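The values are calculated or read from the model by the stated rules, or taken from the named source; none is laboratory data. Given the structure is predicted, the values throughout are model-derived calculations rather than measurements. Cβ atoms come from the backbone with ideal geometry, glycine included; neighbour counts cover every protein chain shown. Note: accessible area is taken over every heavy atom of the protein model, side chains too, but ligands, DNA and RNA are not part of it. Shrake-Rupley method; radii C 1.70, N 1.55, O 1.52, S 1.80 Å.
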Amino acid sequence: MTEKYTALYEAHKQLGASFTDFGGWQMPLKYSSELAEHKAVRTAAGLFDLSHMGEVEVSGPDAGAFLDYALAGKLSVVKVGRAKYSLITNNDGGIIDDLISYRLADDSYLVVPNAGNADTVAAELASRAEGFDVAVNNVSAEASLVAVQGPAAEAILLDLVPAHQAEAVTGMKYYAADTVGIRAGERTLDLLVARTGYTGEDGFEIYVPNDDAADLWSALLAAGEGRGLIPAGLACRDSLRLEAGMPLYGNELTLDTDPYAAGLGPVVALSKEGNFVGRSALEARKAAGPARRLVGLKGSGRRSARSHYPVLSSDGETVLGEVTSGAPSPTLGFPIALAYVDAAFTKPGTELNVDLRGKPESFTVVELPFYKRSKQ
């Protein structure tokens, strides 16, 4: 057992969760059936504990300019109340982490790194802050993060929001955030609510102090009881994000991959003025073009490709790449995978094979994402 537990650990135990180590945290893998949890998020709603994620506050007069230097994106142009997906790279252009940054005020941002990278990102930001009038504060240990994801997410959240703030929820755009009052037990908590997620569905991520996390969790479970909401673990979160074609750090993204190979070139703001960490290396990588690119693969049979399985040519004779993530798609009914493949073989419709433990299996390159929700 690892030593890190979220504020909701006891609540998960009471719900019968199975646990797994993830980024040094004991996290719920599933509560009953990962398939049922996956389908609930696609058709109704799932409730996730994401408190293993990091939270780093960046504040001060130079906050925007500092993040323009520290990250690959241009954060200074993000409007207050909006969020931006970005990358933090090293001097060689390798990806340290992918993260979301929320602009809370003109001089205040919340940077959210992945669980296993939270301390690394906080330390990197602090080391890059020299010469900027900013404060970098890692508050990961103080905050919990709860997400409600699925078509019913908005209706569930509205049940807990005072009527005069309902429009703050219904009018919230994707990748936007606001402070909203949420009823939890006999109290109304003023919490940061963001319309973001990692499932391919509509939904909200809610940042809450650790001491209030259990009350919020219970309130959301109760509000969703008649709308099909169930608690959901990391197993279905992985299958959901895979269907949505979203990369996972440690699988699709590592220090050895660059944004252009991963299909994240648009995230890199080479057009912004001034230097930023990794700029020269990223300019060179863009000019050279990646030898391999991340693609989606659709299986023609029933067997699924898994991480590290070799991708082969259509005749099975030549190794052309490697699978990074793969699983049966509960929503689509066929095997899907993400893989890095030699650039010459990445055109949609290209027939390839994957070596499934010594037996070639036919897969086809397809456009990402595999699944895209219909707009309500």
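Got a number for carbon plus sulfur as a percent of region 283-376's accessible area, 1.4 Å probe?
Working: 2520 of 5170 Å².
Carbon-and-sulfur percentage of accessible area, whole number: 49.
If R₀ is 56 angstrom, what is the calculated FRET efficiency for the pair SER374 and ASP133, using the beta carbon separation as r and rounding to 0.05?
0.75
Among rounded, prolate and oblate, which fits region 182-304 when a ≥ b ≥ c are the square roots of the eigenvalues of its C-alpha gyration tensor, a/c under 1.5 means rounded, and a/b larger than b/c means prolate? Provide the component values of the computation, followed by the final result.
Numbers: a/c = 3.53, a/b = 1.64, b/c = 2.15.
Taking the square roots of the gyration eigenvalues as a ≥ b ≥ c, region 182-304 is oblate.
If the chain between GLU351 and ALA123 were fully stretched, how many nm would it gain, using 0.36 nm times the residue separation less the Cα-Cα distance?
Details: separation 228, 0.36 × 228 = 82.08 nm, distance 4.40 nm.
Extending this stretch completely gives an extra 77.7 nm.
What accessible area per residue comes out for region 175-264, rounded to a whole number of Å², with a 1.4 Å probe?
34 Å²
Please express the Cα-Cα pair-distance distribution P(r) of the chain as a list of whole percents, one per 20 Å bin, running from 0 to the bin with the greatest distance.
28, 58, 14, 0
For ILE336, what is the net charge nearby, where nearby means another residue's Cβ is under 14 Å from its Cβ and Lys, Arg count +1, Asp, Glu -1?
+1
For SER218, SER271, give me the order by solvent-accessible area with a 1.4 Å probe, most accessible first, ignoring ligands, DNA and RNA.
Per-residue accessible area, sorted high to low, gives SER271, SER218.
Between GLU367 and GLU273, what is the FRET efficiency for a Förster distance of 41 Å, r being their Cβ-Cβ separation, to the nearest 0.05? List each step's numbers first, then the result.
On the way: r = 34 Å, r/R0 = 0.83.
Efficiency at R0 = 41 Å is approximately 0.75.
Measure off, as a whole percent, the carbon and sulfur share of the 1.4 Å-probe accessible area of region 211-268, all protein chains present.
49 percent
For the chain, set up a Gaussian network in which alpha carbons nearer than 10 Å are linked by springs, and say which option among PHE22, PHE276, PHE48 fluctuates the most.
Greatest mean-square fluctuation among the candidates belongs to PHE22.
Sort TRP25, TRP217 by accessible area with a 1.4 Å probe, largest first.
Largest to smallest exposure gives the sequence TRP25, TRP217.
Report relative contact order for region 240-339 in percent, whole number only (criteria: Cα-Cα under 8 Å, sequence separation at least 6). Don't skip to the answer; put the middle values down first.
Details: 143 pairs, mean separation 28.8, N = 100.
Relative contact order for region 240-339 comes out at 29 percent.
For region 73-160, give the percent of accessible area contributed by carbon and sulfur heavy atoms, probe 1.4 Å, rounded to a whole number.
Taking all protein chains in place, region 73-160 shows 45 percent carbon and sulfur surface.
Let me check against my output: what whole-number percent is the relative contact order of region 176-222, with C-alpha pairs under 8 Å and at least 6 apart?
With pairs under 8 Å counted, the relative contact order is 31 percent.
Using +1 on the beta carbon of Lys and Arg, -1 on that of Asp and Glu, and nothing else charged, what's the dipole of the chain about the Cα centre, debye to 20?
1360 debye
Number of Lys pairs in region 1-109 with C-alpha atoms less than 19 angstrom apart, excluding same-chain neighbours closer than eight positions? It would help to have the intermediate numbers written out before the result.
Details: LYS4/LYS13; LYS4/LYS30; LYS13/LYS30; LYS30/LYS39; LYS74/LYS84.
The result is 5.
Over the chain, what is the relative contact order in percent, taking alpha-carbon pairs closer than 8 angstrom and at least six residues apart?
Numbers: 883 pairs, mean separation 64.3, N = 376.
Relative contact order, the chain: 17 percent.
Given a 1.4 Å probe, how much area per residue of region 11-70 is accessible, in Å²? Provide the component values of the computation, followed by the final result.
Details: 2120 Å² over 60 residues.
Using a 1.4 Å probe on heavy atoms only, each residue of region 11-70 averages 35 Å².
Please report the accessible area of LYS298 (heavy atoms, 1.4 Å probe, ligands and nucleic acids excluded) in Å², nearest 10.
80 Å²
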